[in-house]
Amino acid sequence: MESAENNGHPPVGRFAPSPTGRMHLGNVFTAVISWLSVRKAGGTWILRIEDLDPQRSRHEYARTLEDDLLWLGLTWDEGGVDDKGPNDPYSQSRRGDIYARYLEKLRRTGLTYPCTCTRADIMATQAPHQSDGRIIYQGTCRPKGFPDCGKTEIPDVRHATRLYVPDEDICFTDRVFGPQRCNLTEECGDFVLQRADGAWAYQLAVVVDDALMGVTEIVRGSDLLLSAAQQLYLYRLLGFRPPTYAHLPLICNERMQRLSKRDSSLSMEELRKIYSPEEIIGRVGFMASLLPEMRPCGLDELTEMFDWNKIPCRTGITAV
């Protein structure tokens with residue numbers, strides 16, 4: 001399948017944060033690198049609000065997130081809370097009807113099936129995959145003989161909808177980590193498209209949104225590298241042209257643990273009290289190996305210096 005980088009047009013990138021709290025330096029790192037890549041190539045940058053989790057997402061967090069981006073100088077061409085652009089809505093919580101249409105399209109392939117397993121069931125019966133704690137679903141609810149079993153009966157009890165994956169390698173080239181190969185059966189397993197409570201799964205929502213919004217370049221943390229294989233499989237089933245991927249090193253604390261919203265000292269709330277926008281941008285430029293030393297730097301200057309070949313091919317970088 002030909003990737004979208006070959007279409008000869010300026011790239012369309014996106015930053016897609018979850019409004020569950022204040023951004024931290026790791027979120028800023030991803031946003032800045034994505035913005036620099038698109039701006040240097042004369043492309044379009046979209047701000048999408050990934051508020052699929054109704055319990056944790058808050059409208060006020062999304063507004064604060066926008067304020068932090070604008071304070072840094074990271075302007076967007078489409079999206080945001082106010083749905084600027086032709087592909088509205090840009091908040092995932094309001095795109096459920098769209099996801100439902102594409103779930104139905106996947107059902108018509110004959111590759112989906114209902115799953116009544118709870119997370120506790122899966123955790124109790126499966127061993128963690130390798131050393132990272134991932135659980136690979138072993139097909140407990142997969143119908144016998146699937147996927148050649150014809151129409152699957154839908155149970156009356158609460159159930160998730162899973163997508164069958166074949167014993168197949170998905171190959172792609174990441175702009176930071178280089179050639180990748182992932183076996184869907186061994187490393188992913190049949191994955192959820194819609195949860196038992198009706199919530200939409202990240203894998204389906206992100207593929208549908210990126211495809212319909214014309215995103216050609218995805219920049220995100222290395223913790224999502226494995227997700228690329230599942231998403232490329234969905235791109236193929238739905239007939240979408242896939243984007244290019246660039247997975248960045250995660251920004252970590254002094255214990256080399258990835259930053260979270262609990263690392264309040266590196267949240268934008270605290271960073272804005274201490275540093276200017278140019279100091280934070282320079283900090284990002286240094287961590288990304290775009291600057292030889294840490295110094296204040298404007299976005300225009302850093303855009304001129306931007307080069308994907310300089311981004312370190314590492315899973316994590318200690319925050320400086």
For the range 136-207 and the range 41-85, what is the separation of their C-alpha centers, rounded to whole Å? 29 Å
Treat every Asp and Glu Cβ in the range 175-248 as -1 and every Lys and Arg Cβ as +1, leave all other atoms uncharged, and give the resulting dipole magnitude about the Cα centre to the nearest 20 debye. 240 debye
Would you tell me the accessible area of residue 71, worked out with a 1.4 angstrom probe on the heavy atoms of the protein chains, in Å² to the nearest 10? 70 Å²
Where does the chain land at 222 nm, in deg cm²/dmol rounded to the nearest 500, when only DSSP H runs of n ≥ 4 count, each adding -39500 (n - 2.57), divided by all residues? -9500 deg cm²/dmol
In the range 60-207, if the dipole is taken from +1 on Lys/Arg beta carbons and -1 on Asp/Glu beta carbons about the Cα centre, which of 76, 90, 182 is farthest to the positive end? 182
In the range 209-315, with Lys and Arg counted as +1 and Asp and Glu as -1 at Cβ, which of these residues, 315, 233, 222, has the Cα nearest the positive end of the dipole, that is, farthest along it? 233
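What is the sum of charges, Lys and Arg at +1 and Asp and Glu at -1, for the other residues whose Cβ falls under 15 Å from the Cβ of residue 98?
Working: positive: 48, 94, 95, 101, 105; negative: 50, 51, 83, 88, 97, 104, 209, 210.
Net local charge, residue 98 excluded: -3.
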Taking every pair of alpha-carbon atoms in the range 90-240, what share in percent sits in each 10 Å bin, from 0 to the bin with the longest distance? 10, 39, 38, 13, 0
How far, in nm, would the chain grow between residue 120 and residue 181 when pulled straight, counting 0.36 nm per residue and subtracting the alpha carbon separation? 19.0 nm
Answer rounded, prolate or oblate for the chain, using the Cα gyration tensor with square roots of eigenvalues a ≥ b ≥ c: rounded when a/c is under 1.5, else prolate when a/b is larger than b/c, else oblate. prolate
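Could the peptides 194-206, 38-50, 162-174 be put in order, highest first, of the mean number of other beta-carbon atoms found within 10 Å of their residues? Provide the component values of the computation, followed by the final result.
Working: 194-206: 18.2, 38-50: 20.5, 162-174: 16.2.
Result, highest mean Cβ count within 10 Å first: 38-50, 194-206, 162-174.
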For the chain, take the longest principal axis of its alpha carbons; what is the angle in degrees between that and the long axis of helix 25-40, to the nearest 10 within 0 to 90? 80 degrees
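Let me have the relative contact order for the range 194-320, percent, based on Cα pairs under 8 Å that are six or more residues apart. Write out the running numbers ahead of the final one.
On the way: 138 pairs, mean separation 29.8, N = 127.
Relative contact order for the range 194-320 comes out at 23 percent.
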Estimated dipole of the chain in Debye, rounded to 20 [Cβ of Lys and Arg +1, of Asp and Glu -1, Cα centre]: 580 debye
With contacts defined as alpha carbon pairs under 8 Å and 6 or more residues apart, what's the relative contact order of the chain in percent? 21 percent
Degrees between helix 277-287 axis and first principal axis of the chain (Cα, 0 to 90, nearest 10): 60 degrees
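Let me make sure I get this right: for the range 15-138, a, b and c are the square roots of the gyration tensor eigenvalues over alpha carbons, sorted descending. Under 1.5 in a/c it's rounded, otherwise prolate if a/b > b/c, else oblate. Which is it?
On the way: a/c = 2.06, a/b = 1.59, b/c = 1.30.
It comes out prolate by the Cα gyration axes.
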Residue 98 and residue 83 label points (each 7 Å along its Cα→Cβ direction) are spaced in nm at 1.0 nm
Karplus-derived 3J(HN,Hα), 6.51/-1.76/1.60, for each residue of the range 181-196, Hz, glycine and proline x: 9, 9, 7, 4, 5, 6, 10, 10, x, 4, 10, 7, 9, 9, 6, 5
Any chance you could list the semi-axes, whole Å, largest first, of the equivalent ellipsoid that the Cα gyration tensor gives for the range 206-320, using √(5λ)? 30, 17, 14
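The values are calculated or read from the model by the stated rules, or taken from the named source; none is laboratory data. If you're wondering where the values come from, they're calculated on a predicted model, not measured in any experiment. Note: ideal-geometry Cβ built from the backbone for every residue, glycine included; neighbour counts use all protein chains shown. Just so you know, the surface numbers come from the protein's heavy atoms only, side chains and all, with ligands and any DNA or RNA stripped out. Shrake-Rupley method; radii C 1.70, N 1.55, O 1.52, S 1.80 Å.
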